[in-house]
Structure formats: C-alpha cells, structure tokens
Amino acid sequence: MCFSASASFAAAGALLLVGVLTVKKAQKGREHPYAAIPLLFSVQQFIEGMIWLTFRFDATVLNPAMTFLYSLFSHVLWPIYVPVAVLLLEPAGWRRTVLATFLAGGLGTGLYLLVSMFRFPIVSREAGGHIEYDSPHFFIGPVIAGYLAATCISMLFSSHKAVKLFGIAALLSFATSYAVYTRWFFSIWCFFAAILSGIVFLHFTRGPTSSKEAANGMAI
C-alpha cells in the first residue's frame, strides 16, 4: 500500500485471504494464473511494507534489494503475466490471437524494463507521505503505451464480463494515478490495482462451464 508499513502489511494480509479463496474457486488448471493475481499483489504489497521499514530503520543495504524486488512486480511481471492469464481463459478463436499480440507487446515491454533496471537501478524514497520510485525509463511514450496495453487494455478483449470489468477499473485507476499522483505513480497505482484485484474473485462466482465453452476446448 502507499501510506505506511502497517497499511501495506494489512493490504497484503487481506489480499492473501482473497487470493486463497479465489484460487480455491478456480476449477481448471488454465484458470489458476488469473485466480492467482490477488496472491501476487499480496506479495507485492508485503514487499512495499518492507520498503517502508527500510526508511524507518535506515536499512541502506536492504532498501535497494526490496526496491528491486518490488520493481520486478511493477515493471516486469505484470505486463507479461496479465495477458498470459487472460489468454488462458479464452477458447480457441480470434480473441486468443489478439491476446497473443498483447502478450508479445507485454513481453517486449517487460524485458526492456528489466534491462533498464539493471542499467539504471530504480531508487525508492519517502516523499510527501508516499513512496516515490525514480524510474525515468518507464515514462517513455512507447514503453508506457505498451505497458498500458498489456496490463489493462488486453483485458477488454476478454469474453468474460468480470475480466473486462477489472480491465476498465485498472484503466481508470491508471489514468487517475497518473493525473493526480504523478510523482508517486507506481506506489499509488499499485495500491489501486491491488485493491481492485478483488474483482478477480467475481469471475469465479459464475456457474459451471457452459457446453459451448466445453465444445471449444475450454476444459483441461
């Protein structure tokens, strides 16, 4: 979370509970990556809680390590993981082809940001009651466009209403965070996205897989 260590750890605990319930709801192997999104956000928020503690206790060695781990989630994991998870929910058809395109873009974006993280390590600092992550290589037109397409817009091409809802909510939170909290963008947006990942649970409250889905090879 973006305001304190205790808030981050509380969010991590809540997301852990939601994530466990969501994974238990998943009935097929192909559903588990999408169901695991709240669990991954739980880990990310726990790491940010640790970053808060490095400020409090002046842990100058631990801070870069935790910042790097956090950045692996925020910069590298999500633009690759989200289109993979959404693609796996789809039956054969044009949506899978479109999502594969988003995955290719997300993979390129994630790998570029990973290389950039090694060349120009991301720095975290406490500022204005939030955590500021110094990551100038992210704020390049094609990079931020590729990231947004992979993490948010890709979900809009899902055939599942709850997945589309998550995509819309993530897109709106992206715009709000970027417009209002630009300096603390990564911390604020990841907070919003983490809370919104509870929407993932809605996807698994539906009824049994339909015969049409089964005919299209949905079951594994």
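The values are calculated or read from the model by the stated rules, or taken from the named source; none is laboratory data. Keep in mind that what you see is a predicted model, and the values were worked out from it rather than measured. Glycine gets a Cβ as well: all are built from the backbone with ideal geometry, and neighbour counts include every protein chain shown. What goes into the accessible areas is simple: the full protein's heavy atoms, side chains included, and nothing from ligands, DNA or RNA. Shrake-Rupley method; radii C 1.70, N 1.55, O 1.52, S 1.80 Å.
Where does the chain land at 222 nm, in deg cm²/dmol rounded to the nearest 500, when only DSSP H runs of n ≥ 4 count, each adding -39500 (n - 2.57), divided by all residues? Don't skip to the answer; put the middle values down first.
Values: 11 runs with 145 residues, N = 220.
After summing the helix terms and dividing by residue count, I get -21000 deg cm²/dmol.
Label the range 56-163 by shape, choosing from rounded, prolate and oblate, from the square roots a ≥ b ≥ c of the eigenvalues of the Cα gyration tensor; if a/c is under 1.5 it is rounded, and otherwise prolate applies when a/b is larger than b/c, oblate when it is not. Don't jump to the answer; show the numbers that get you there.
Values: a/c = 2.70, a/b = 2.24, b/c = 1.21.
Prolate shape, in that a/c is at least 1.5 and a/b is the bigger ratio.
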Tilt of helix 78-88 relative to the longest C-alpha principal axis of the chain, in degrees (0 to 90, nearest 10)?
10 degrees
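What ranking do 13-23, 119-129 get when scored by the average of other Cβ atoms within 10 Å per residue, highest first?
On the way: 13-23: 18.2, 119-129: 13.2.
Listed from highest to lowest mean packing, they are 13-23, 119-129.
Where the only charges are on Cβ atoms (+1 Lys, Arg; -1 Asp, Glu), what is the dipole of the chain about its Cα centre, to the nearest 20 debye?
Dipole of the chain, to the nearest 20 debye: 680 debye.
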With all protein chains present, the chain has a carbon and sulfur share of its accessible area (1.4 Å probe) in percent of 72 percent
Hey, what do the phi angles of the range 153-168 turn into as Karplus ³J(HN,Hα) couplings, whole Hz, using 6.51/-1.76/1.60 and θ = phi - 60°, x for Gly and Pro?
5, 4, 5, 5, 9, 6, 8, 9, 4, 5, 5, 4, 4, 4, x, 5
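Percent relative contact order of the chain, based on C-alpha pairs within less than 8 angstrom and at least six residues apart?
Details: 310 pairs, mean separation 55.6, N = 220.
Computed over the chain, the figure is 25 percent.
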Could you go through the range 172-188 in sequence order and give the Karplus-derived ³J(HN,Hα) for each residue, using 6.51 cos²θ - 1.76 cosθ + 1.60 with θ = phi - 60°, rounded to whole Hz, and x for Gly and Pro?
5, 5, 4, 4, 5, 4, 5, 6, 9, 10, 3, 4, 10, 3, 4, 5, 5
Specify which residue in the list 70, 9, 169 is farthest towards the positive end of the charge dipole of the chain, using unit charges on the beta carbon of Lys, Arg (+1) and Asp, Glu (-1), about the Cα centre.
169
Please label the shape of the range 89-136 as rounded, prolate or oblate, based on the square roots a ≥ b ≥ c of the eigenvalues of the alpha-carbon gyration tensor (a/c under 1.5 means rounded; beyond that, a/b larger than b/c means prolate, else oblate).
oblate
Keeping every protein chain present and rolling a 1.4 Å probe, give me the accessible area per residue for the chain in Å².
45 Å²
Using the basic label-point model (7 angstrom from Cα toward the beta carbon), what is the residue 119 to residue 182 distance in nanometres?
2.4 nm
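Ranked from highest to lowest mean number of other Cβ atoms within 10 Å per residue, what is the order of the peptides 140-147, 91-98? Kindly include the intermediate steps, with their values, before the conclusion.
Details: 140-147: 15.0, 91-98: 13.0.
Per-residue Cβ counts within 10 Å, averaged per peptide and sorted highest first, yield 140-147, 91-98.
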Pair residue 60, residue 4: separation of 7 Å Cα→Cβ label points (nm)
2.8 nm
Could you tell me whether the chain comes out rounded, prolate or oblate from its Cα gyration tensor? Rule is a ≥ b ≥ c as square roots of the eigenvalues, rounded for a/c under 1.5, then prolate if a/b exceeds b/c, otherwise oblate.
prolate
